[in-house]
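The values are calculated or read from the model by the stated rules, or taken from the named source; none is laboratory data. The shown structure was predicted, so the numbers you read here are calculated from the model rather than taken from an experiment. Because the Cβ atoms are built from the backbone with ideal geometry, glycine has one as well, and the counts that use them run over all protein chains shown.
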Ligand code: GLN
Ligand code: ZN
């Protein structure tokens, strides 16, 4: 056995998003399937070679995908839903993409977030039909790396228990039958790998970091016993990430040859577990030492200290040093960023730089710390420079964020008393109608922004253009007959970027893209310094919109928790502190809007629920500070000012308390696709504030009929009081076409009128 450097997964998108471009050209019919396959192979091999050149010993293979690795696993086992009319054999590429994106005859599979990351996977659907191994994808990946690059790769698989838990379409009672099908297929994959002479496979079981029940460990133990029996000569490293292992004592006894743990996320807990329970002498410990979720350069001295706490429990020869998780969640390389502040740039490490950190630390483990003395010094210097920069030392901001008091998180009056004042001010009908904020971002809007960004248009010309859009849509909203208006968000590309660009402490990269889902990539802002309110951000557009109408126009902001969760965030302060800084800056914006005469202000928090920690025991702490941050941002307004918030699809049953604690006067939630669930949640728990339930799904171009929406409204009114009920689409309309939007909203307004009339008849009788 020897000291090993390892990687768990490499970003697939490529330095210049070659992967995205290849896929999209194929989907657009611009390149043939053959050309796509060739381009994908070339990207894949380039990435493997890069890892080899960086000196990684255990290089992952099979983590590459044409869309998503969970979808790959489902396809490998022939788990293709009936509606895609697949019969047998390797799943054709067209079927594979149809599962991901839908086609003319079948709707796409659902997509959902991969644990607590911003990556989304395709949810496998178990329909109880016979599964079969359609092709051994890890084996093909292994062979390719071996033949083309002479790499003895480490095939990566999504482990069976995580795969089971992420799938849908079965009841608890179906689990034995599902596993009875699944396990022999996994066994076959592993046997074939064993025969090929593969030494190690990596089984990803991140589900083991979540709050699973203890009984589940019995099933997991049984699964791994069977897999071990099936391929006894093959070594399995069971890889857990994103938090500490929930059932440590049980997991370390599993019949596998290695266990990989996250020594970054849940670091203290993991170290404690290791110290109090030890680690089996017959296993390899994968030490996830470099953060695979964030973009900061590691202080190698600090990392070395962590390794030193591990060494008394596990000898160096049985340690693999590795990133904390797949590097899929970080951009490819910081080397290509040319326009960042040099101090910030020197403190960044994306995927490639992180691999270099892994191999550097491995060198120290082999030859002693002195072997990397220069690297340690250099890393410390870079980290210190940033720590000492003026951007990170705005003491008054830090002080303010640390010392928020009760008073700053409370509206002067409780909701029921504010409500009276607001009713007097706004004079709204029963069941007021409104929208979530954005109106269609047409090609015209996007082109205008391009021209302004390129300098072809002056700022003035661009602003005039935006005002024109606002004016058109205020007129349209009058015509449609909505009760509460919005300005339309034409000036924003992205709801986080727009705010980041106007506050201090944010930086923007040129190419730091990460995959969000399929070919869609996002370029999150970097919160690297103290967050500072510099000047009003949204006041001009809101005030202009309000000047054109007597109807209330909602001011429109992105909330502190969403800004945090959709950015790369400095890790020298707690998330709570950074969020408080953002909240205090937004509080100034809220105040600026109010003093400019805007009396309804919406603060969107679509990412609040997404940020929930994996372990239930950490929920309260998170919700406490997240809710508090929202309240800091929104509670300094007068009682008559109405605070709205919006959340995208979320499960409510365990969340209504948190929603209520936000103390927003009105919340709009996306529920058009989950009505049954919603009705039952509100049956169980009382909610007294204003609430707008999405009455139609904006993710589809379909124009909803009036009757469909009156049905949905009636369902909602079974559990909610008409006096608290608002009517709106389920999310922003920026991705829709103008005609669709107008037609849908007209029907929505008509639906509201139908219900109002029914109520007035009821009241007269
Ligand atoms: N106000 C935003 C919009 O309408 C909200 C977007 C979201 O919830 N993701 O676009
Ligand atoms: Zn939304």
Residue hits (region 305-347; crowded, with 18+ Cβ neighbours inside 10 Å and over 29 Å from the mean Cα position of the chain (by Cα)) are 307, 310, 314, 318, 319
Would you tally the residues in region 597-626 being within 14 Å of ligand 1 (Cβ to nearest atom) and not in a loop (DSSP other than H, G, I, E, B)? 5
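Is it true that residue 742 is closer than 13 Å to residue 668 by Cα and modelled with pLDDT of 95 or more? Step through it out loud before you land on a result.
Values: closer than 13 Å to residue 668 by Cα: no; modelled with pLDDT of 95 or more: yes.
Here the answer is no, as residue 742 does not meet what is asked.
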Of the residues in region 476-492, those that are assigned to a loop (DSSP other than H, G, I, E, B) and within 16 Å of ligand 2 (Cβ to nearest atom) number 3
Tally up the residues in region 661-679 that are within 17 Å of residue 601 (Cα to Cα) and either more than 14 Å from ligand 1 (Cβ to nearest atom) or at pLDDT 90 or above (or both), please. 7
Among 632, 643, 667, 656, which is the only one that is within 16 Å of ligand 2 (Cβ to nearest atom), in contact (Cβ under 8 Å) with a residue 12 or more places away in the chain and in contact with a helix residue (DSSP H, G or I) (Cβ under 7 Å, 6 or more places away or on another chain)? 667
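Of 68, 57, 53, which residue is surrounded by fewer than 21 Cβ atoms within 10 Å (Cβ to Cβ) and in contact (Cβ under 8 Å) with a residue 40 or more places away in the chain? Can you show your working first?
Numbers: 68 fails: surrounded by fewer than 21 Cβ atoms within 10 Å (Cβ to Cβ); 53 fails: in contact (Cβ under 8 Å) with a residue 40 or more places away in the chain.
None of the other options fit; the residue is 57.
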What's the number of the condition residue 610 fails, among (1) surrounded by 24 or more Cβ atoms within 10 Å (Cβ to Cβ); (2) within 16 Å of ligand 2 (Cβ to nearest atom)? (1)
Can you pull out the residues in region 481-496 that are surrounded by fewer than 21 Cβ atoms within 10 Å (Cβ to Cβ) and either under 21 Å from residue 743 (Cβ atoms) or more than 13 Å from ligand 1 (Cβ to nearest atom) (or both)? 481, 483
May I ask you to list the residues in region 729-744 that are in a helix (DSSP H, G or I) and either surrounded by fewer than 19 Cβ atoms within 10 Å (Cβ to Cβ) or more than 16 Å from ligand 2 (Cβ to nearest atom) (or both)? 738, 739, 740, 742, 743
Tally time: how many residues in region 431-442 are touching a strand residue (DSSP E or B) at 6+ places or on another chain (Cβ under 8 Å) and either more than 15 Å from ligand 2 (Cβ to nearest atom) or without any contact (Cβ under 8 Å) to a residue 24 or more places away in the chain (or both)? 3
Residues that are within 15 Å of ligand 1 (Cβ to nearest atom), at pLDDT below 95 and crowded, with 16+ Cβ neighbours inside 10 Å, drawn from region 698-728: 698
Given 573, 584, 593, which one is out of contact with any strand residue (DSSP E or B) (no Cβ under 7 Å at 6 or more places or on another chain), assigned to a helix (DSSP H, G or I) and away from ligand 2 (no atom under 16 Å from the Cβ)? 584
All-but-one check, residue 540 against (1) within 24 Å of the chain's Cα centre (by Cα); (2) away from ligand 2 (no atom under 16 Å from the Cβ); (3) surrounded by fewer than 23 Cβ atoms within 10 Å (Cβ to Cβ), failing number (1)
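Okay, residues lined up against (1) part of a loop (DSSP other than H, G, I, E, B); (2) under 29 Å from residue 102 (Cα atoms); (3) touching a strand residue (DSSP E or B) at 6+ places or on another chain (Cβ under 9 Å):
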residue: 659; (1), (2), (3): no, no, yes
residue: 667; (1), (2), (3): no, no, yes
residue: 703; (1), (2), (3): yes, yes, no
residue: 708; (1), (2), (3): no, yes, no
residue: 712; (1), (2), (3): no, yes, yes
residue: 718; (1), (2), (3): no, no, no
Mind checking whether some residue in region 297-305 is under 30 Å from residue 234 (Cα atoms) and in contact with a helix residue (DSSP H, G or I) (Cβ under 9 Å, 6 or more places away or on another chain)? no
Test residue 445 against the stated conditions and say whether it is at negative phi, in contact with a strand residue (DSSP E or B) (Cβ under 6 Å, 6 or more places away or on another chain) and in a helix (DSSP H, G or I). no
